[in-house]
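So the structure is just underneath, and the comments pick up after that.
Read-outs: derived from the displayed coordinates by stated rules, not from any lab. This one's a predicted model, so the numbers in the text were calculated from it and none came from an experiment. Note that each Cβ is placed from the backbone with ideal geometry, even for glycine, and that neighbours are counted across all protein chains shown.
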Amino acid sequence: TSAEALSLGTPIVTYAGTPFMAGRVTYAYYLQIGVLECVVESLLSYVDIAVRLGTDKIWRESISSEILNHQHLLFERDEVVNELSDFFHTQLS
């Protein structure tokens, strides 16, 4: 779900220290693209960022634009495709 949202430039607020897999994956995606404005360290920060995304259209659009401008770092990674290809070739040999 996070991958689909980020592919559309939709900001997602995530807690860096979450014990839950979905949040850790979203955090990893943000690290990969270098967009950290929606990564928070506390519940209070989570609420603040979520409210700001919902009420500050200009800021939300700037975050969305930043995500779209950097999403190639997540989705256009030839080395990942090559590693998967190598893995499958070794498994099928």
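For the chain, modelled as a GNM whose springs connect Cα atoms under 10 angstrom apart, the maximal fluctuation among T26, T14, T55 occurs at T55. Select from L31, L73, L43 the residue whose mean-square fluctuation is largest in a Gaussian network model of the chain (Cα-Cα springs shorter than 10 Å). It is L43. Springs between Cα atoms under 10 Å define the GNM used for the chain, and in it the highest mean-square fluctuation of L44, L53, L68 occurs at L44.
Distance between the modelled labels on T90 and L8, one decimal in nanometres: 3.8 nm (7 Å Cα→Cβ projection). Between F75 and V51, what's the calculated FRET efficiency when r is the beta-carbon distance and R0 is 35 Å? Round to 0.05. After rounding, the FRET efficiency stands at 0.75. If you work out P(r) over Cα pairs in 5 Å bins from 0, in percent from the coordinates, which of [x] 3, 12, 20, 25, 21, 12, 6, 2, 0; [y] 2, 14, 21, 21, 16, 10, 6, 5, 3, 2, 0, 0; [z] 3, 14, 27, 27, 20, 8, 1, 0 do you get? Recomputing P(r) over Cα pairs in 5 Å bins from 0, in percent here picks out [y]. In this label model, A22 and W59 are separated by 2.4 nm, measuring between points 7 Å along each Cα→Cβ vector.
The residues packed around E61, meaning those with a beta-carbon under 14 Å from its beta-carbon, carry a net charge of 0 if Lys and Arg are +1 and Asp and Glu are -1.
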